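Here is the structure we will look at, set down as structure tokens.
Read the figures in this text as sums done on the coordinates, not as results from a lab. Computed from a predicted model, the values in this text were never measured in an experiment. Methodologically, a virtual Cβ is constructed for each residue, glycine included, from the backbone with ideal geometry; neighbour enumeration extends over all protein chains shown.
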Amino acid sequence: MSIPLTITKLLVANRGEIALRVMRTAREMDVATVAVFSDPDADAPFVRAADEAVRLPGASPADTYLRGDLVIAAALATGAQAIHPGYGFLSENAGFARDCAAAGLVFVGPTPEAIDAMGSKTAAKELMAAAGVPVLPGVVAGEDTDSGQDLVAEAERIGYPVLVKAAFGGGGRGMRIVRGPGEVQAAVDSARREAVSAFGDGTVFLERYVERPRHVEVQVVGDTHGTVVHLFERECSVQRRYQKVLEEAPSPAVDDELRARLGKAAVAAAQAIGYVGAGTVEFVLAPDGDFFFLEVNTRLQVEHPVTELVTGLDLVRVQLQVAEGLPLPPEVLDATVTGHAVEARLNAEDVPAGYLPVTGAVHRFVVPALPGVRVDTGVADGSVVGVHYDSMLAKVIAHGRTRDDACRRLARALAEAQVHGITTNRDLLVGVLREAGFRAGEIDTGYLERHPELTSPGRDPEVTALHAAAAVLADAAARRDGARVQAAVPSGWRNVPSADQVAVLQLGDDQLEVRYRRARDGWRIAVGDTRLAVDGVEVAPDRVVLTVAGVRRPCTVHRVGDDVFVDGAGASTAFTEVPRFPVPGSAAGEGSLLAPMPGTVVRLAVAEGDAVTAGQAVVVLEAMKMEHVVSAPADGTVAELRAAVGEAVDTGAVLAVVEATAEVAG
């Protein structure tokens, strides 16, 4: 009988929260850890947490985390016996898994053959159909399939609506919904471009699109002794741009009978490819209860914590035990579901602007330690979110006795979180968790499209006024206490004895004038046209308590330069103190099309001198692995193109100038 391998040193070939997550379990198992890091990640928390770290020179994923040769060299140089790929990057790269084996290293994941079998979604569907797993009808459109008529004919055979989908890849990239013949060719072309950029292969396929589907997936684990089991399902239907926003376990739409059928199909899918380790079989669930195979993710999933919380298992521990050659332990074989868990992906993105990814420095990151709440994050105070990697800052997960308990806990934890310095989707997450339809389990992949009010919730004017007053009063306290030198006093301030003191705060596109004065009969505070009925004020540089109409309203205040972050009354507001007079030349010219986020220009859809119509694509950017189209705001003529394909641009850069068509007087 062979003696199982004991892993004593593990290299984690990933970054951010998943690297920290793997290291946490490794440390509990007395396994030393090695990090690899790019230049932008040199001071990241996961690098500091590792026992050893090896630099991968460069910034882009292609130069660093996707360089399997450098990762393997780092493992050999540090004496690591195994490599855990996390998710993304090299986690589903069969060639890398083979290279690990050739170098004498253990790849903590499935066999290269299993990865190969699922690498092509089209081949995977054929394999699953042969194994008796339900699949949707579809057709492949390779990179050399150029006949628009052929594609339209195939789409009509499948039946509209159809989904155009990248054959190699995932995460929502390379996917388009087509509802009629006139949309087919453009959708295929766009999906191909995105697939080539993200995955290096432009093959796409057309597949029947199920209306109002749920996205339900099943966690599976297998060992090297031939045992495969499932660990129940997860609901992943709340999505934007085909990427998950909220996940939960178990699914509110799955009863015991359906759970048994889903689990049986998932195990059959895993057995068909000889699956080893932790993986996920994803299904689309129709409103009538029918389900169809989507794909197998041959890795740990982002949303694995919800399964861990309802089963009490540590899936990374299971992965490492399987990698050591051990059989699945009894707690896996006999797992049951206890309670309910919900996970929210906290992303650096501007939701009202169309979920645009944003970059910047994280000045403060604090999520309250509430009972039943878990935070998996790769950022801390001082972290910088750049353009090279995806926009997820953290996963915040809550476990409760019931689904309602878990939703309430998660909503409160997110509402009280302090995430300063960068725009996030926090308000969207809280809004979803508190929305009646979601709480009733009435969700599918089109949920967010049907609830536009959640993506642009607007600001409560009373809370805004409260926060603006707190920001200004805290600044006054800081100056009074000598906490800020005179040179740092914002130019927007005007202090005149016995008169209103005035500051101007920028909030989004709006400017707020805040006036206050302490008179003999009490405080007088006005924010714009709103006058606060203030009965009392308690002020410190980092905390302000305003008693308004007899109610004490505490706020915490955090200042970084001219930026002021105020938390209180169940909300968070970021202001910037601004001078009364703008810097000359700071505004872009009329007709300028500006970059909405940092990114790389991947396509110019027009040429100088072209006539364009409102909404027509002018420039296509790629940022954080997604395409973003910058369109003409009105009918007109392209006067200038200031961007070139391949050029990296910052937020606000002028990409093009479109001269609007002059209106002819009637």
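Estimated from helices alone, the mean residue ellipticity of the chain at 222 nm is -7500 deg cm²/dmol (sum of -39500 (n - 2.57) over DSSP H runs with n ≥ 4, per residue).
The relative contact order of the chain comes to 9 percent, based on Cα pairs under 8 Å that sit 6 or more residues apart. Phi-derived couplings, Karplus 6.51 cos²θ - 1.76 cosθ + 1.60 at θ = phi - 60°, listed residue by residue for the stretch 384-400: 10, 9, x, 8, 7, 10, 6, 8, 6, 8, 6, 10, 10, 10, 10, 10, x Hz, with x used for Gly and Pro.
For Arg299, what residues show an amide H to amide H distance below 5 Å, using hydrogens built from the backbone and excluding near sequence neighbours? It is Thr280, by chain and number.
Label separation (Arg603 vs Leu76): 4.2 nm, computed from points 7 Å beyond Cα along the C-beta direction. Across the stretch 214-455, Cα pairs under 8 Å and at least six residues apart give a relative contact order of 20 percent.
For Leu393, the residues 5 or more places off, or on other chains, whose built amide H falls under 5 Å of its own are Leu346, Asn347, Ala348.
List the lysines whose Cα lies under 21 Å from the Cα of Lys264, skipping any in the same chain that are fewer than 8 positions away. Result set, ordered by chain and number: Lys121, Lys125. Contact order for the stretch 148-239, expressed relative to its length and based on alpha carbon pairs under 8 Å spaced 6+ residues apart, stands at 25 percent. In this structure, the amide hydrogen of Thr424, modeled 1.01 Å from its nitrogen in the peptide plane, lies closer than 5 angstrom to those of Glu349, counting only residues at least 5 positions away or on a different chain.
The phi torsions of the stretch 643-658, fed into the Karplus equation with coefficients 6.51, -1.76 and 1.60 and a -60° offset, translate into couplings of 10, 10, 4, x, 7, 8, 10, 9, 4, x, 5, 6, 8, 7, 10, 10 Hz, rounded to whole numbers, with Gly and Pro shown as x. For the stretch 509-514, putting each phi into the Karplus relation 6.51 cos²θ - 1.76 cosθ + 1.60 with θ = phi - 60° gives couplings of 8, 9, 10, 10, 9, 10 Hz, in residue order, rounded to whole numbers and with x for Gly and Pro. Looking at the chain, the DSSP beta bridges with both ends there are about 90 percent antiparallel.
Computed from Cα positions, the angle between helix 16-28 and the longest principal axis of the chain comes to roughly 60 degrees.
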